[in-house]
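Visitor: This is the structure I have questions about; it appears just below.
The values are calculated or read from the model by the stated rules, or taken from the named source; none is laboratory data. On a predicted model such as this, the values are computed, not experimentally measured, just so you know. Here Cβ is always computed from backbone atoms with ideal geometry, including for glycine, and neighbour counts include all displayed protein chains. Heavy atoms of the whole protein, side chains included, go into the accessibility calculation; ligands, DNA and RNA do not. Shrake-Rupley method; radii C 1.70, N 1.55, O 1.52, S 1.80 Å.
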Amino acid sequence: MTTQNKFPLGWDEKRVRQMIEHYDRQSEDEAVAEDEAAFENQDQVFVQIPLELLPLVRELIAKHYASV
């Protein structure tokens with residue numbers, strides 16, 4: 001029995017592989033710089049939530065992007 005992979009809208013296996021390669025090649029200093037830049041982005045916010053709510057939050061985000 002084969003399992004069909006589900007990718008987010010606009011993603012495919014090639015894009016996932018490229019992202020994996022990016023992070024596999026990234027140095028620790030580059031990773032830190034990328035994380036710091038993400039926190040400076042004014043278009044996003046980081047929110048700490050209980051782990052048990054994560055599936056619900058992911059579902060809400062997916063629904064949002066599916067309707068955009």
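Visitor: In region 1-53, if every C-alpha pair distance is counted and binned at 10 Å from zero, what percent goes to each bin?
Guide: Taking all Cα pairs of region 1-53, the binned fractions are 17, 28, 45, 9, 1 percent.
Visitor: Same structure, new question: At 1.4 Å probe size, with the rest of the protein present, what percent of the exposed accessible area of the chain is carbon and sulfur atoms?
Guide: Accessible surface attributable to carbon and sulfur in the chain totals 55 percent.
Visitor: Restricting to DSSP H runs of at least four residues, report the calculated mean residue ellipticity at 222 nm for the chain, -39500 (n - 2.57) per run over all residues, nearest 500 deg cm²/dmol.
Guide: -19000 deg cm²/dmol
Visitor: Accessible area per residue, 1.4 Å probe, Å², for the chain: what's the number? Show your work: numbers first, answer last.
Guide: On the way: 6990 Å² over 68 residues.
Ligands and nucleic acids excluded, the figure is 103 Å² per residue.
Visitor: Something else: Could you give the dipole magnitude of the chain about its Cα centre, charging the beta-carbon of Lys and Arg +1 and that of Asp and Glu -1, in debye to the nearest 20?
Guide: Details: 7 positive and 14 negative charges, 127 e Å.
For this selection, approximately 620 debye.
Visitor: Could you work out how much longer the chain between Lys63 and Gln18 gets when fully extended? Use 0.36 nm per residue separation minus the Cα distance between them, nm to one decimal.
Guide: Working: separation 45, 0.36 × 45 = 16.20 nm, distance 2.49 nm.
Length gained, Lys63 through Gln18: 13.7 nm.
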